[in-house]
Amino acid sequence: MFNLIATGDPTAWETDQIMRMSKDRFGEYSGHEASELKAGTPDSLSALEGVPTLLMYEIGSEATNRDTIRYGNVHNVTVTRKDITFRFEQEGIFTRAVMQEFASRLDIDDFEWNRTHWAVKDSGLPSAMLSQLRPSTDVVPQKINFFISHANEDKAAFVRPLATALKASQYGVWYDEFELTMGDSLLKNIDEG
């Protein structure tokens, strides 16, 4: 069993903080092993912790790292009013080409490349695919290297491009657009950052 979590949000996986997925998208394209896992039954989601997980961007996403598939596992899986939140411990990365090579063996449907969803797949990851994993020791460890505080009028022209460039260079960045969603406690999240 493994998780495949895809999004079109271009900054969703560019954080070492809390990640989110709409709970309405949980279970799409899943195998029979997911039948006992329900977003409406938060305790059932603890079974996903420690399960191999792939984080990818939709093909049409404007994400800087859209061709990078992150491999690791999720932990601290919780359900909020509208989202499933989790933390991700990255072990390595695959290229999109590797994922596409093994797509049929992973039971990845053509529509999944372009759909935000969280699928729980019945199969495991093929050893031939795992042999192409680039370990995370090849990248800078994720920790907060930069906490970006800014005036709103500077966001579009300077701050957003700076934050995106730092993340693309594998630096840990706390930036409001990467970390906050509607309804989050601003002060609590800033304190955590």
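The values are calculated or read from the model by the stated rules, or taken from the named source; none is laboratory data. Everything quoted here is computed from the prediction, not taken from an experiment. No Cβ is skipped: glycine too gets one built from the backbone with ideal geometry, and neighbour counts run over all protein chains shown. When the accessible area is computed, the model is the full protein with side chains, heavy atoms only, and any ligands, DNA or RNA have been set aside. Shrake-Rupley method; radii C 1.70, N 1.55, O 1.52, S 1.80 Å.
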Verdict on PHE86 being open to solvent by less than 20 Å² (accessible area, probe 1.4 Å), among the aromatic types (Phe, Trp, Tyr) and closer than 25 Å to ALA163 by Cα: yes
Can you name the condition, by its number, that VAL77 falls short on among (1) in contact with a helix residue (DSSP H, G or I) (Cβ under 7 Å, 6 or more places away or on another chain); (2) in contact (Cβ under 8 Å) with a residue 40 or more places away in the chain? (2)
Counted residues, the range 1-47 - those being within 25 Å of THR68 (Cβ to Cβ) and among the charged types (D, E, K, R): 6
Need pairs with beta-carbon distance below 6 Å; first residue among the aromatic types (Phe, Trp, Tyr) and within the range 176-193, second at pLDDT 70 or above; sequence gap 6+ or separate chains. PHE178/THR11; PHE178/GLU14; PHE178/THR15
When residues of the range 29-80 are filtered for being touching a Pro at 6+ places or on another chain (Cβ under 8 Å), open to solvent by 20 Å² or more (accessible area, probe 1.4 Å) and part of a strand (DSSP E or B), how many remain? 4
What's the number of the condition GLU14 fails, among (1) within 19 Å of THR95 (Cβ to Cβ); (2) modelled with pLDDT under 90; (3) out of contact with any helix residue (DSSP H, G or I) (no Cβ under 9 Å at 6 or more places or on another chain); (4) not aromatic (Phe, Trp, Tyr)? (3)
Please tell me if GLU91 is surrounded by 17 or more Cβ atoms within 10 Å (Cβ to Cβ) and among the acidic types (Asp, Glu). no
Of residues in the range 136-161 being within 18 Å of ARG66 (Cα to Cα) and at pLDDT 75 or above, the one most open to solvent (accessible area, probe 1.4 Å): ARG160
Is it true that some residue in the range 18-25 is surrounded by fewer than 19 Cβ atoms within 10 Å (Cβ to Cβ), without any contact (Cβ under 8 Å) to a residue 60 or more places away in the chain and touching a Pro at 6+ places or on another chain (Cβ under 9 Å)? no
